Amino acid sequence: LFNEKRRRKNLMYLNAFFCFRIYEEGKQSIPEHPYLFETDVEIWLVGGCKSPIERFWNGSNTIYVLQKARNNEESDPLEESKPDDAIYASELLPKESSGPVALSVRRAKQLISLYTMAQNPNMTHLNISELVVLPPLWIRCDGSDPEHTCWLGAEPLKAGNRATGINFYMVTCDGPTADKTCFANLEELKTAHKMKHHSSVVMTKGFAQYELIRATAMEDTIVESESNIYVDITWNTVDKILETAPLVSAATLNITLESGDPRSPVYQLYRELQFLLALAEGLKTGVTEWPEPLESESTVELVQEFLTDLKKKLDGYCVSGKSNETEKIKCDTAAVDSSIKSIFSERGDLDFAEQLWCKMRSKCVSSYQELIKCFTLIIKSLEHGEIQPWIHQGSSSLLSKLIQQSYHGKIEAVSLSGITPIQMLLEIGLDKMKKDYVSFFIVKDGSCLLFQDYFISTSVDLQEQVHRVQKLHHMLEIMVSCTVLLQFKHENLFPLTQICMKYYKENPLNEKHVFQLPIRPALVKKFYQNDHPEIWKVEISSGHGQKEVKTTWQVSTNPPVEHMTSNRTGLFSDSTVNGSSEETMYFITMVKCSQVHFT
């Protein structure tokens with residue numbers, strides 16, 4: 001008995017020391033690797049944006065997440081360890097990752113107990129010099145108990161810098177099932193909550209998530225997209241399970257969009273951007289991947305025809321046949337689907353450099369030598385005064401400067417060697433595409449472009465300018481998708497544009513970022529009113545402040561936890577109703593809370 005008490009005291013001291021050490025190191029930055037505790041447990045310090053329990057709990061931004069150390073399954077969890085033995089788990093475990101592994105419910109309860117005692121100010125025999133309220137603790141469980149527990153959690157209650165108690169959480173999960181007789185009864189949930197927490201009054205809050213636009217795979221392709229548009233709806237006072245949210249609810253539109261879908265109305269503009277990116281990459285690495293020519297007529301021949309037409313114009317000849325094409329070149333955006341021409345249409349004010357870009361892009365200049373020949377023809381025509389092309393004021397490309405100089409009868413010598421020809425083509429492409437995007441956001445969207453200078457600035461290097469044009473294209477894809485798929489009008493596009501611009505002024509390109517826009521449910525109701533929710537939950541609460549306790553009941557079409565196995569009896573089974581698989585299959589999740597006070 002004496003040895004057992006000594007062992008438990010050592011465990012509590014080790015646990016307290018270890019948690020405080022991780023907490024102190026995490027103040028500087030969140031560690032990228034887990035720590036190993038008692039040979040069988042990994043401890044992660046996780047920031048809020050990576051939280052694996054955000055579906056069930058929305059508390060502290062930083063938490064401990066405990067899970068099984070993968071290749072230590074046979075280790076003795078009761079073996080004594082010394083604080084000096086605490087090392088990064090990544091130094092022991094294999095580099096390959098097969099996903100998180102859960103601990104047994106029994107082991108998780110033991111760890112919760114150790115954590116609780118380390119936070120209890122009454123445990124003076126641990127001789128902890130300075131008590132600090134630690135981040136909440138969450139432990140992955142394997143569902144081996146009758147309730148199928150998948151998470152256990154502990155959250156300190158505090159007054160100032162002192163822990164006064166602990167909130168305990170138990171998350172259980174079952175399913176999937178389409179059998180609605182397995183669903184809870186709301187009145188029974190409320191009664192159970194009242195009895196457990198000795199409360200006479202409870203409040204209910206509903207939440208529903210609907211998928212409005214799902215990214216579907218293209219026929220004959222295996223390309224998967226993470227693009228998705230869904231809406232989160234919250235409301236007070238729930239009357240029944242799976243009820244539809246009232247129109248007075250609060251709603252948030254969540255948009256994740258990856259560029260490059262061939263079905264996108266602006267796919268041709270995306271291809272134009274890819275050509276620009278290829279030039280930028282060639283400028284950076286010295287190796288340019290030139291595309292295969294699309295037609296028998298070379299780019300050099302096309303540029304020569306273009307210059308000949310301009311010469312005839314200057315000489316006063318009537319240009320026949322291709323005059324309309326010369327006067328108003330249809331750039332790549334003219335290939336935009338006719339159904340959205342009113343949304344993104346080609347500009348009618350393309351100058352000489354922009355028309356040249358469109359021709360060279362449409363014919364896909366296919367080699368470095370071909371590019372040199374094209375610019376040689378243009379520079380000679382400028383030097384001899386054979387053409388006097390018009391360009392936009394403020395154009396910053398080298399070609400634009402040469403054209404401006406030609407107005408005065410003399411241009412500086414340019415050596416078409418090295419990276420110069422590629423840089424010249426990249427510059428005129430950048431100028432043209434910037435104007436395309438600005439035209440949309442000012443003329444079509446009506447945005448005042450609060451951060452316009454940032455997106456079209458020429459004070460940064462070419463690579464950064466290209467990166468900012470990529471951001472503009474991603475924003476365009478989002479606006480066009482919301483306009484075409486959700487029929488958004490200006491009053492909805494304008495705030496969404498501002499949200500996107502603010503994000504991209506402060507962050508790098510990230511097509512996996514979720515852009516959020518507060519909306520009225522009525523705006524998108526027609527897209528979900530006859531559909532099943534992806535997530536539906538009710539939250540029952542009582543008490544106030546730190547004495548508030550909650551019970552949550554939830555159904556979801558996707559597994560709510562990533563660490564549960566599919567071969568456990570009664571868990572994640574492919575059940576159906578009457579042999580039919582057409583019913584929506586739901587996972588059922590329950591979150592229960594209880595409190596313990598130290599004083």
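The values are calculated or read from the model by the stated rules, or taken from the named source; none is laboratory data. All of these numbers come straight from a predicted model, not from anything done at the bench. All accessible areas refer to the heavy atoms of the entire protein, side chains included, with ligands and DNA or RNA removed. Shrake-Rupley method; radii C 1.70, N 1.55, O 1.52, S 1.80 Å.
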Study note, to complete from the structure: For region 394-550, the per residue accessible area (1.4 Å probe, Å²) is 45 Å²
Practice item. Could you look at region 140-207 and say what percent of its accessible area is carbon and sulfur, using a 1.4 Å probe and all protein chains? Key: 55 percent
Check your understanding: In percent, what relative contact order does region 97-209 have, based on Cα pairs under 8 Å that are 6 or more apart in sequence?
Key -> 20 percent
Review point. How would GLU412, GLU54 rank on accessible area, largest to smallest, probe 1.4 Å?
Key: GLU54, GLU412
Practice item. Please arrange SER415, SER362 by accessible surface area, largest first, computed with a 1.4 Å probe and ligands excluded. Key: SER415, SER362
**Study point:** Sequence-separation-based contact order of region 148-213, relative, with Cα cut under 8 Å and 6+ spacing, percent
**Key:** 22 percent
Review point. How would THR172, THR191, THR181 rank on accessible area, largest to smallest, probe 1.4 Å?
Key: THR181, THR191, THR172
